[in-house]
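Q: Have a look at the structure that comes next, please.
The values are calculated or read from the model by the stated rules, or taken from the named source; none is laboratory data. The model shown is predicted, which means the values in this text are computed figures rather than measured ones. Methodologically, a virtual Cβ is constructed for each residue, glycine included, from the backbone with ideal geometry; neighbour enumeration extends over all protein chains shown. The area values use the complete protein model at the heavy-atom level, side chains included, leaving out ligands, DNA and RNA. Shrake-Rupley method; radii C 1.70, N 1.55, O 1.52, S 1.80 Å.
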Amino acid sequence: MISKQHIINRFISYVTIDTESDPESNTTPSSEKQWDLANKLAKELKDIGLEEVTIDENAYIMATLPSNIDQEVPTIGFISHFDTSPDFTGANVKPQIIENYDGKDIMLNAAENIVLSPDYFEDLKLYKGQTLITTDGTTLLGADDKAGITEIVSAMEYLVQHPEIKHGKIRVGFTPDEEIGRGAHKFDVSKFGADWAYTMDGSEIGELEYENFNAAGAVVTVKGKIVHPGYAKGKMINSMYIAQEFINSLPRLETPEHTSGREGFFHLHTIKGDVEETQLHYIIRDHDKEHFEARKEVMKKLASEINAQRQQEVIEVTIKDQYYNMREKVEPVMHIVDIAEEAMKALNIKPIIKPIRGGTDGSQLSFMGLPCPNIFAGGHNFHGRYEYVPVESMISAAKVIIKIAQLIPTKKF
């Protein structure tokens, strides 16, 4: 099937290229260095034999594996992103390969005593006896989502080399800037031309997801008045105290660290302030649309109550929706999820169908007219020094892609 060493070599060639995206930039891609991998990928897709390989002015890459059957079947796509998260550095990634993992602690960095332990990261226990690729403890790995790219390229290469495997037309798409929420912003759905697609951007082997959060960002601005503290009685308004009041008035257990499954939350991720002005930056998340709208109203109502108590406008809330739950767009075409589930079962992979506690390019693409469930890519502990990926999971994901391609001609649409 697909060579283990070939997968390892390809993956390492991707993760050692720094593609960290920049949320402060207004360009696409948001960082110039993303072009380094984008240009490499465009060349590689041509080299393995794909057709109609394009890379546009924003670094969006598309390619085609033509159909090798006579019958008309839907065109499907596979999509991944090549940027990495700005949450943790992606420069100078030095992957470590752990052969035949023994199920015990992995010393990532002896000098800094950085340990990847199954006592804390229990998912490690699933992969005893397998080959793991880890960081050296000083960077993230980039399996999110270079594992997905590795799997798609490897699967397409295998299909090119094995024309006896019958399949319809397949489109491949690679995007920049997914990690800063812009991965689908300039994706040309009509040019892509697929009836539906799958993002290869999940985690644990078997994951199959078609639900994600409804998401919004909120900026809470609190205005104060600075007066000499020696003469401040009855005059000073300390914006930081009012901000603290706002924070403490939201439901204390409806935060990321206290929620799971389909439970939503308010997440305060940044505070900047002094006496005169404080800004609170929140993200609001909920799978249920009505609960999502209610959360936004809670924040607005709380601001109004504080303003009424103060008898002046001291606090303002600005909320902007970011993306929505793709379940709304995928459920009417559930056969696309069923096919992925069937492919996994055919490969003796147990499907894990659960909601994403986050977002995905697939959400935006689904609302742009390209229904797009999410399939596992195999990595764990994304966006940090403890990130790792089992090589066997990447091979399994590539096999799922191939199996989905095989199943399409057997279905009636």
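Q: If you average the alpha carbon positions of the range 366-413 and of the range 112-154, how far apart do those two centres end up, in angstrom?
A: 17
Q: Right, another one. Going by the alpha-carbon gyration tensor, a ≥ b ≥ c the square roots of its eigenvalues, is the range 1-141 rounded (a/c under 1.5) or, if a/c is not under 1.5, prolate (a/b greater than b/c) versus oblate? If you can, show how the numbers build up before the last one.
A: On the way: a/c = 2.53, a/b = 1.44, b/c = 1.75.
It is oblate, given that a/c is not under 1.5 and a/b is not larger than b/c.
Q: Hey, if we sort Met107, Met1, Met326 by accessible area with the 1.4 Å probe, largest down, what's the order?
A: On the way: Met107 95, Met1 120, Met326 0 Å².
Ranked list, largest accessible area first: Met1, Met107, Met326.
Q: Between Thr410 and Lys225, what is the label-to-label distance in nm when each label sits 7 Å out along the Cα-to-Cβ direction?
A: The modelled label-to-label distance comes out at 7.5 nm.
Q: Rounded to the nearest whole Å², what accessible area per residue is found for the chain with the 1.4 Å probe?
A: Working: 18410 Å² over 413 residues.
Per residue, the chain has an accessible area of 45 Å².
Q: Now for a separate question. Given only helices, namely DSSP H runs of n ≥ 4 each adding -39500 (n - 2.57), what is the per-residue ellipticity at 222 nm of the chain, to the nearest 500 deg cm²/dmol?
A: -9000 deg cm²/dmol
Q: Across the range 89-245, how many lysine pairs separated by 8 or more positions, or lying on different chains, have Cα atoms within less than 19 Å? Display every interim value, and only then the final one.
A: Values: Lys94/Lys146; Lys104/Lys125; Lys104/Lys128; Lys169/Lys191; Lys223/Lys233; Lys223/Lys235; Lys225/Lys233; Lys225/Lys235.
Here the count comes out as 8.
Q: So which chymotrypsin sites (Phe, Trp or Tyr not before Pro) in the range 108-148 end up in coil per DSSP with only 16 or fewer other C-beta atoms within 10 Å? Before the final figure, lay out the partial values.
A: Numbers: sites: Tyr120, Phe121, Tyr127; in loops: Tyr120, Phe121.
Filter output for the range 108-148: Tyr120, Phe121.
Q: With +1 on each Lys and Arg Cβ and -1 on each Asp and Glu Cβ, how big is the dipole of the range 241-321 about its Cα centre, in debye rounded to the nearest 20?
A: Details: 11 positive and 16 negative charges, 29 e Å.
Around 140 debye, computed over the range 241-321.
Q: Along the charge dipole of the range 272-388, pointing to its positive end and built from +1/-1 on Cβ of Lys, Arg, Asp and Glu, which listed residue (Thr318, Leu365, Ala377) has its Cα farthest out?
A: Value computed over the given set: Ala377.
Q: In the chain, if the dipole is taken from +1 on Lys/Arg beta carbons and -1 on Asp/Glu beta carbons about the Cα centre, which of Ser3, Ile356, Ile133 is farthest to the positive end?
A: Value computed over the given set: Ile356.
Q: Let's see if you can work this out: charge +1 on each Lys and Arg Cβ, -1 on each Asp and Glu Cβ, no other charges. What is the dipole magnitude of the range 261-413 about its Cα centre, in debye to the nearest 20? Can you show the working numbers first?
A: On the way: 21 positive and 21 negative charges, 152 e Å.
Once rounded to the nearest 20, the dipole reads 720 debye.
Q: Going by the alpha-carbon gyration tensor, a ≥ b ≥ c the square roots of its eigenvalues, is the range 309-409 rounded (a/c under 1.5) or, if a/c is not under 1.5, prolate (a/b greater than b/c) versus oblate? Before the final figure, lay out each step's value.
A: Numbers: a/c = 3.59, a/b = 1.79, b/c = 2.00.
It comes out oblate by the Cα gyration axes.
Q: Amide H neighbours of Gly77 under 5 Å, counting only residues 5+ apart in sequence or on other chains, H built in-plane at 1.01 Å?
A: Here Arg171, Trp196, Ala197, Tyr198 satisfy the definition.
Q: Please work out how much accessible surface Ile114 shows to a 1.4 Å probe, ignoring ligands, DNA and RNA, in Å² rounded to 10.
A: In the full protein context, Ile114 sits at about 10 Å².
Q: A follow-up question, please. Where a ≥ b ≥ c are the square roots of the eigenvalues of the C-alpha gyration tensor, would you call the chain rounded, which needs a/c under 1.5, or, failing that, prolate if a/b is larger than b/c, or oblate? List each step's numbers first, then the result.
A: Details: a/c = 2.10, a/b = 1.69, b/c = 1.25.
Verdict is prolate for the chain.
Q: Are there any trypsin sites (Lys or Arg not before Pro) in the range 306-337 that are in a DSSP loop and have at most 11 other Cβ atoms within 10 Å? List them by number. All intermediate terms of the calculation are to be shown ahead of the outcome.
A: Working: sites: Arg310, Lys320, Arg327, Lys329; in loops: none.
Those that pass, being in a loop and sparsely packed, number zero.
Q: How high is the relative contact order of the chain? Use alpha-carbon pairs under 8 Å, at least six apart in sequence, and give a whole percent. Mind showing how you got there, number by number?
A: Values: 905 pairs, mean separation 96.9, N = 413.
Averaging sequence separation for qualifying contacts and normalising by length gives 23 percent for the chain.
Q: Length gain on complete extension for the stretch Ala346 to Ser304, per 0.36 nm per residue less the alpha carbon to alpha carbon distance? Don't jump to the answer; show the numbers that get you there.
A: On the way: separation 42, 0.36 × 42 = 15.12 nm, distance 5.60 nm.
Gain on stretching Ala346 to Ser304: 9.5 nm.
Q: Rounded to the nearest 20 Debye, what is the dipole magnitude of the chain about its Cα centre when Lys and Arg each give +1 and Asp and Glu each give -1 at the C-beta? Please report the intermediate quantities before stating the final value.
A: Values: 43 positive and 63 negative charges, 102 e Å.
Result for the chain is approximately 480 debye, rounded to the nearest 20.
Q: Calculate what fraction, in whole %, of the accessible area of the chain sits on carbon and sulfur atoms when a 1.4 Å probe is rolled over the protein chains. Show your work: numbers first, answer last.
A: Values: 8740 of 18410 Å².
Carbon plus sulfur share of accessible area: 47 percent.
Q: Then there is this: Distance between Cα centroids, the range 240-315 to the range 37-74: provide it in whole Å.
A: What the calculation gives is 45 Å, centre to centre.
Q: Which residue, chosen from Ser13, Ala59, Ala346, occupies the Cα position most advanced towards the positive end of the dipole of the chain, where the dipole is computed from +1 (Lys, Arg) and -1 (Asp, Glu) charges on Cβ about the Cα centre?
A: Value: Ala346.
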